[in-house]
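One structure is given here, and the rest of the page talks about it.
The values are calculated or read from the model by the stated rules, or taken from the named source; none is laboratory data. Since this is a predicted model, take the numbers as computed values, not measurements. Cβ placement follows ideal geometry from the backbone for every residue including glycine, while neighbour counts extend to all protein chains displayed. For accessibility, only protein heavy atoms count, side chains too; no ligands or nucleic acids. Shrake-Rupley method; radii C 1.70, N 1.55, O 1.52, S 1.80 Å.
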Amino acid sequence: MNKIEILKSLLTLSIPTAKLKQELNKLSWDDENTLIILKKDHLLQIIEKLEKNKITISELIEWANLLEVR
């Protein structure tokens, strides 16, 4: 996965958080360019996944923690 794919996967939580963490650890921290932007729709999609039991509260917390450091 390239950097953009990893970050998009993070925004949409399209792969498990453990895999996301592994992939994110491979990336550098600093980037002068804005690669992606977290939008309201992303948050609503994650809330919907939680409501439909597609993710657990623990996964939501892990996702939020991964997102916070990026």
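Looking at the structure I just gave you, is Leu44 at pLDDT 95 or above, of a type outside the set (Ser, Thr, Tyr), open to solvent by less than 100 Å² (accessible area, probe 1.4 Å) and touching a Leu at 6+ places or on another chain (Cβ under 6 Å)? Before the answer, list the steps.
On the way: at pLDDT 95 or above: yes; of a type outside the set (Ser, Thr, Tyr): yes; open to solvent by less than 100 Å² (accessible area, probe 1.4 Å): yes; touching a Leu at 6+ places or on another chain (Cβ under 6 Å): no.
It is false that Leu44 is at pLDDT 95 or above, of a type outside the set (Ser, Thr, Tyr), open to solvent by less than 100 Å² (accessible area, probe 1.4 Å) and touching a Leu at 6+ places or on another chain (Cβ under 6 Å).
Residues of segment 46-56 being more than 11 Å from Leu10 (Cα to Cα) and in a helix (DSSP H, G or I), which ones?
Ile47, Glu48, Lys49, Leu50, Glu51
Quick test of your reading of the structure: Thr34 fulfils all but one of (1) loosely packed, with under 15 Cβ neighbours inside 10 Å; (2) under 11 Å from the mean Cα position of the chain (by Cα); (3) not in a helix (DSSP H, G or I). Name the failing condition by number.
(2)
Between Ser9, Ser14, which is among the polar types (S, T, N, Q), open to solvent by less than 90 Å² (accessible area, probe 1.4 Å), modelled with pLDDT of 95 or more and in a loop (DSSP other than H, G, I, E, B)?
Ser14
Consider Ser28 carefully, then state whether it is surrounded by fewer than 10 Cβ atoms within 10 Å (Cβ to Cβ) and assigned to a helix (DSSP H, G or I).
No, not satisfied.
Only one of (1) surrounded by 16 or more Cβ atoms within 10 Å (Cβ to Cβ); (2) in a loop (DSSP other than H, G, I, E, B) is not met by Glu59, so which one is it?
Only one criterion is unmet by Glu59, namely (2).
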